[in-house]
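The structure appears right after this line, and notes come after that.
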């Protein structure tokens, strides 16, 4: 069985990371195993806070560097192309129940779209496969959301959102 992939998308500072952290915690509490892949969309490469040996190998030019300790791994790798598909292939090895993507707006996977302000509503016209919308307080429902016939949640209504997502995934818990 192929692991389902779901995306959480939104413009910068829309709450994607905090939402995914809460979702992962909830899913873990009900026995659902998750993997998360975040798109580093701020330009440049992610910079490790503390340089470890594996980071030194990578910085020295290794195409991949992995360190393992007590069953925990830290992996860095360089890929010439197909970044997302190769990253997903790596995560599939963990045999989780779901993979969550933060970002990658243009990819075709089912999406939860986070809208922080009314100007962000234009994102709904840019993405495909939108399955639900999360609105920050103060964002008024507009005709373009209502006619999409999608579930609309309020930011902070995490329990309802997470239960909806578990139902959508068809995960028995």
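Please treat every number below as a calculation from the coordinates, not as lab data. Computed from a predicted structure; not experimentally measured. Using ideal geometry, Cβ is built from the backbone for each residue, glycine included, and neighbour counts are taken over all protein chains shown.
Here is how the numbers come out for the structure above:
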| read-out | value |
| --- | --- |
| Folded to 0 to 90 degrees: helix 158-169 orientation relative to the chain principal axis, Cα | 80 degrees |
| Gain upon complete extension [residue 157, residue 92; 0.36 nm per residue less C-alpha separation] | 20.4 nm |
| Förster-model FRET efficiency, 22 Å R0, residue 117 and residue 17, C-beta, rounded to 0.05 | 0.80 |
| Sites residue 168 and residue 82 - FRET efficiency at Förster radius 30 Å, r taken between beta-carbons, to 0.05 | 0.65 |
| Rounded to 10°, Cα long-axis angle of helix 83-92 versus longest principal axis of the chain | 80 degrees |
| Segment 60-112 shape via C-alpha gyration tensor axes, a/c threshold 1.5 | oblate |
| DSSP-defined antiparallel bridges as percent of all bridges, segment 79-158, nearest 5 | 0 percent |
| Rounded if a/c under 1.5, otherwise prolate or oblate - the chain, Cα gyration tensor axes | prolate |
| Antiparallel DSSP beta bridges within the chain, percent to nearest 5 | 20 percent |
| Residues 157, 97, sorted so that the one with the fewest Cβ neighbours within 10 Å comes first | 157, 97 |
| Ranked 33, 147, criterion: other C-beta atoms within 10 Å, fewest first | 147, 33 |
| Difference of contour (0.36 nm per residue) and Cα-Cα distance, residue 106 to residue 73 | 9.0 nm |
| Relative contact order (%) - criterion: Cα under 8 Å, at least six apart; region: the chain | 31 percent |
| Pair residue 3, residue 53: separation of 7 Å Cα→Cβ label points (nm) | 2.7 nm |
| Sum of -39500 (n - 2.57) over DSSP H runs of 4+, divided by residues of the chain (222 nm, nearest 500) | -8500 deg cm²/dmol |
| Acute angle (nearest 10 degrees) that the helix 16-29 long axis makes with the longest principal axis of the chain, alpha-carbon atoms | 80 degrees |
